[in-house]
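S.K.: Here it is, the structure, as structure tokens.
The values are calculated or read from the model by the stated rules, or taken from the named source; none is laboratory data. For clarity, every value in this text was computed on a predicted model and none was experimentally measured. We place every Cβ from the backbone using ideal geometry, glycine too, and count neighbours over all the protein chains shown.
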Amino acid sequence: MSETIKVNKSADFREYVKQGGSKCPWCESMELDGSGFEFDANAVWQEVNCGDCKNRWIDIFTLTAVESVEGRVLSKAGDYER
């Protein structure tokens, strides 16, 4: 069984989300692997693994926009906030 190697720094999840989830929040590797998606009425989530430091986490996706099949954006997040 392979050994899990943890990087000795705290994860920067704010930067990870800001960059669109492109690099490991611990070691900044781009060797990420995501499992299948799961969902419920409010969100979709996916377990993500770093191929380099072996840390694991869950990405959570929420609805941010609605687009018609023809490609026209009908609504974006924040349109109904007052």
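Quick grid of which residues meet (1) modelled with pLDDT of 85 or more; (2) not basic (Lys, Arg):
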position	(1), (2)
2	no, yes
19	yes, yes
23	yes, no
31	yes, yes
35	yes, yes
46	yes, yes
49	yes, yes
53	yes, yes
56	yes, no
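S.K.: Of all residues in region 51-70, which are of a type in the set (Asp, Glu) and part of a strand (DSSP E or B)? Don't jump to the end; show me each part of the working.
M.R.: To start, the set of residues in region 51-70 that are of a type in the set (Asp, Glu) comprises 52, 59, 67, 70.
Of everything in region 51-70, those that are of a type in the set (Asp, Glu) and part of a strand (DSSP E or B) turn out to be 59, 67.
S.K.: Name every residue in region 21-70 that is farther than 19 Å from residue 10 by Cα, touching a strand residue (DSSP E or B) at 6+ places or on another chain (Cβ under 6 Å) and among the aliphatic types (A, V, I, L, M), in order of residue number.
M.R.: 43, 44, 60, 65, 66
S.K.: Same structure again: Inside region 30-50, can you point out the residues that are assigned to a loop (DSSP other than H, G, I, E, B) and exposed (fewer than 12 other Cβ atoms within 10 Å of the Cβ)? So that I can check it myself, show each step before the final result.
M.R.: Of the residues in region 30-50, the ones assigned to a loop (DSSP other than H, G, I, E, B) are 30-31, 40-43.
Scanning region 30-50 gives 30, 40, 41, 42, 43.
S.K.: Step by step: first the residues of region 71-82, then only those that are under 24 Å from residue 15 (Cα atoms) and assigned to a loop (DSSP other than H, G, I, E, B), then the one that is modelled with the lowest pLDDT. Which residue is that? Outline the logic, then answer.
M.R.: If we filter region 71-82 for residues that are under 24 Å from residue 15 (Cα atoms), which is where we start, we get 76-78.
If we keep only those that are assigned to a loop (DSSP other than H, G, I, E, B) as well, we get 77-78.
Details: 77: 65, 78: 58.
Looking at the filtered set, the residue picked out is 78.
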